[in-house]
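**Student:** My questions will all concern the structure given below.
The values are calculated or read from the model by the stated rules, or taken from the named source; none is laboratory data. For clarity, every value in this text was computed on a predicted model and none was experimentally measured. Using ideal geometry, Cβ is built from the backbone for each residue, glycine included, and neighbour counts are taken over all protein chains shown. Remember, those area values only see protein heavy atoms, side chains included, never the ligands or the DNA or RNA. Shrake-Rupley method; radii C 1.70, N 1.55, O 1.52, S 1.80 Å.
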Amino acid sequence: MPQAEQVVANPTYMGDIRYFFETIDIEHMAAKGIDLGSYAGVKKNALAIYAHTTQPNGDMPPEPDRKWSAERSQTFRNWIMNKYPMGTAVAPTVAKLALATPASRTRRNVASLTPAEIDQLKTAFTGIMARDASDPTSYVALAGVHGLPQTYCLHHEDRFNPWHRVYLKVFEDALRSVPGCQDLTLPYWDLTTPVPDLLKQAPFDSYVVPVDLGPPYGTNYRTTRFDQAGIDARLARYDVIQHFDSALVQTLWGVSGVSGMQDDFIAGHDGGHVSIGNTMADQNVASFDPIFWFYHCNLDRLWLRWQINDSATTLTGFTSTLDGNTGWLSAPFNELPPFEITADQTIAFDIAYEEPAMAAAALVNKLGSIDAARAFVIPKAAKVSVMVKNIDRLNIPGSFEVHLKADGQVVATRAFFQPNAPRDCENCRKLALVNVNFKVDADLITDRKLTVEIEVPGHEEIGKGFPLSSVGSPTINARLLLEDA
């Protein structure tokens, strides 16, 4: 019989209830069309779950040693009676970036590499850069997967993080194929620190693309970046570090341009690309700049940190953070072309990151809307979500900025990363209408005249403000961010 558990008077789904269902339970009931792996599924079936698990007559789980205790049943009943609160995840007391089982690869901070490791990294990059473009493990071929000429990359959607996680491993495997580099791991650049001097040296400072990328790039396109002052100014302009900090404490996975971890994470990603410029600001060629790999390695590190803090390092745990669409983790919607690995296979990925232990921040769950059946609160210091909805980005020639102005003064700016010709990008066409979500302090915008402006850096010839009428006349949705009571 199960051991007694402590009754929780005010349980939440993210803090308590999701841990009641093991992978075997979720898979068994999924075959019967019942979802026990997500908040929506457990809430929908809550009364039936209670009836089938409460002893002495409950028939689920079927194994005697996994039957629910009276305390667990009472906790589940309390959750039902309290109107199914979502709540927040409970992060570990100390967040150590390690997996449940030892990883086969551990990536390190590029700033902490030894001289021997630096030499090996240079050898690996130089080795794949010297390979012929026809070799799929050559630098030019691998970089061409993300942008031109192949343009496979998935942005602003659920598969964004999984796709880049696989892409990094494929690139790392190519580096390991260089003689003497078989144990190499790709280092990360911590974006909270200046660009390391190493990345300003050959072969990491620039790259000349030895193939014709077509207009306006042509043959022998050379990658370029802003100087450190320019990068710093733009990182501050787009609140890049703040976006990543906010992403790391979100309980739910969310949706790009709407809410949750994804909204802030992708906002940080886009702002970081545009901040580093010039090449990194253009999706067509960003991956040809060697800094791309160190930048994205850092983003994968941050995603893994979020997974650990949110108990989402297994597919079961990760799925429990999804408040809505879970179909993208199942075939055929889980594909990550051109790679064979699928999105669901990236959640537990056998790669870790080395860095000092750190205190885990308290997780939050801020929503723009909530089910009427659930209790909620509006905190005194609640931020206001000002969402610019349904921007038709296909008419915008490249990455762009969206400004939120109060009485004519900019109070917030978001960068949006995309190719110079988004109509030529299949994924851009599928996600033609996008949202940009500002989360600002109420005192910055209340009782002030608010306006929105779109600007396209590098295209001064089209004017400072890109006409909103040219992007489908987007609308504004403003609301206070709510929390579960």
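**Student:** Hey, got the dipole for the range 248-349? About the Cα centre, +1 on K and R Cβ, -1 on D and E Cβ, debye to the nearest 20?
**Tutor:** Dipole about the Cα centre, nearest 20: 200 debye.
**Student:** Can you compute the charge dipole magnitude of the chain about its Cα centre, using +1 on each Lys and Arg Cβ and -1 on each Asp and Glu Cβ, nothing else charged? Give it in debye, rounded to the nearest 20.
**Tutor:** That gives the chain a dipole magnitude of about 900 debye.
**Student:** Using the Cα atoms of the range 377-485, I'd like the radius of gyration and the largest Cα-Cα distance, Dmax, both in angstrom.
**Tutor:** 15.2, 51
**Student:** Something else about it: Take LYS449, project a point 7 Å from its Cα along the Cβ direction, then tell me which residues of the range 408-440 have their backbone nitrogen under 15 Å from it.
**Tutor:** What the label zone holds, given the 15 Å backbone N cut-off, is 408-410.
**Student:** To continue, here is another question. Taking the 0 to 90 degree range and rounding to the nearest ten, how far is the long axis of helix 260-276 tilted relative to the main principal axis of the chain, both from C-alpha atoms?
**Tutor:** Helix 260-276 and the main axis of the chain meet at about 10 degrees.
**Student:** Given axes a ≥ b ≥ c from the Cα gyration tensor, I'd like to know whether the range 277-336 is rounded (a/c under 1.5), prolate (a/b larger than b/c) or oblate.
**Tutor:** Oblate shape, in that a/c is at least 1.5 and b/c is the bigger or equal ratio.
**Student:** Show me the trypsin sites (Lys or Arg not before Pro) within the range 402-485 that DSSP assigns to loop and that have at most 11 other Cβ atoms within 10 Å of their Cβ.
**Tutor:** LYS449, LYS464
**Student:** Right, another one. Assuming R0 = 25 Å, what is the FRET efficiency of TRP328 and ALA373, from their Cβ-Cβ distance, to the nearest 0.05?
**Tutor:** With a Förster radius of 25 Å, E is 0.40.
**Student:** Additional query: Averaging sequence separations of C-alpha pairs under 8 Å and six or more residues apart, then dividing by the length of the chain, give the relative contact order as a whole percent.
**Tutor:** 18
**Student:** May I pose another question? Per DSSP helix of 4 or more residues, -39500 (n - 2.57); summed, then divided by the residues of the chain. What does that give at 222 nm, rounded to the nearest 500?
**Tutor:** That calculation yields -8500 deg cm²/dmol at 222 nm.
**Student:** Would you mind working out the magnitude of the charge dipole of the range 291-440 relative to its Cα centre, with +1 at each Lys and Arg C-beta and -1 at each Asp and Glu C-beta, to the nearest 20 Debye?
**Tutor:** My answer is approximately 820 debye.
**Student:** Compute the angle between helix 291-309 and the longest alpha-carbon principal axis of the chain, please, reported from 0 to 90 degrees and rounded to the nearest 10.
**Tutor:** Helix 291-309 sits at roughly 10 degrees to that axis.
**Student:** With the dipole of the chain worked out from charges on the C-beta (+1 for Lys and Arg, -1 for Asp and Glu) around the Cα centre, which of ALA143, ALA343, HIS28 lies farthest toward the positive end?
**Tutor:** HIS28
**Student:** Lysines within cross-link reach of LYS380: Cα-Cα under 22 Å, excluding same-chain residues under 8 positions apart?
**Tutor:** LYS366, LYS439
**Student:** Leaving out ligands, DNA and RNA, what percent of the accessible area of the chain is carbon and sulfur, probe 1.4 Å?
**Tutor:** Carbon with sulfur: 54 percent of the solvent-accessible area.
**Student:** Long-range amide H contacts for THR106: which residues qualify at under 5 Å (H placed 1.01 Å from N, peptide plane, sequence gap of 5 or more or a different chain)?
**Tutor:** ALA352
**Student:** On to the next question. Binning at 10 Å from 0, report for the range 1-86 what percent of all alpha-carbon pair distances ends up in each bin.
**Tutor:** Taking all Cα pairs of the range 1-86, the binned fractions are 18, 56, 26, 0 percent.
**Student:** Which aspartates and glutamates have a Cα lying under 15 Å from the Cα of LYS430, excluding residues fewer than 8 positions away in the same chain?
**Tutor:** Filter leaves GLU157, ASP158, ASP392.
**Student:** Now for a separate question. Excluding ligands, DNA and RNA, what is the solvent-accessible area per residue of the range 351-485 at a probe of 1.4 Å, expressed in Å²?
**Tutor:** 49
**Student:** Among ALA91, PHE125, VAL386, whose Cα sits farthest toward the positive end of the charge dipole of the chain (+1 at Cβ of Lys/Arg, -1 at Cβ of Asp/Glu, about the Cα centre)?
**Tutor:** My answer, from the dipole projection, is VAL386.
**Student:** Considering only GLY230, VAL209, VAL249, whose Cα is most displaced toward the positive end of the charge dipole of the range 156-274, charges sitting on Cβ of Lys, Arg (+1) and Asp, Glu (-1)?
**Tutor:** VAL209
**Student:** If you don't mind, there's one more thing I want to ask. Let me check I have the definition right: for the range 304-405, take the eigenvalues of the Cα gyration tensor, multiply each by 5, take square roots. What are those semi-axes in whole Å, largest first?
**Tutor:** Equivalent-ellipsoid dimensions as semi-axes: 28, 24, 18 Å.
**Student:** Please flag any cysteine in the chain that has no other cysteine's Cβ under 4.7 angstrom from its own Cβ.
**Tutor:** Isolated Cys, the chain: CYS153, CYS181, CYS297.
**Student:** Read through the labelled values (i) 24.1; (ii) 24.7; (iii) 23.4 and report the label of the one computed as Kirkwood radius over Cα pairs in Å from the structure.
**Tutor:** Structure-derived value, by its label: (i).
**Student:** Still on this structure: Compute the helix-to-body angle for 160-176: its Cα long axis versus the longest principal axis of the chain, expressed 0 to 90° and rounded to tens.
**Tutor:** 60
**Student:** Kindly write out, for the range 215-226 in residue order, the coupling ³J(HN,Hα) from the Karplus curve 6.51 cos²θ - 1.76 cosθ + 1.60 (θ = phi - 60°), rounded to whole Hz, with x marking Gly and Pro.
**Tutor:** Result, rounded to whole Hz: x, x, 8, x, 8, 6, 5, 10, 6, 9, 9, 6.
**Student:** Using just the Cα positions, wrap the range 122-217 in a convex hull and report its mean projected area in square nanometres, one decimal place.
**Tutor:** Mean projected area of the Cα convex hull: 7.5 nm².
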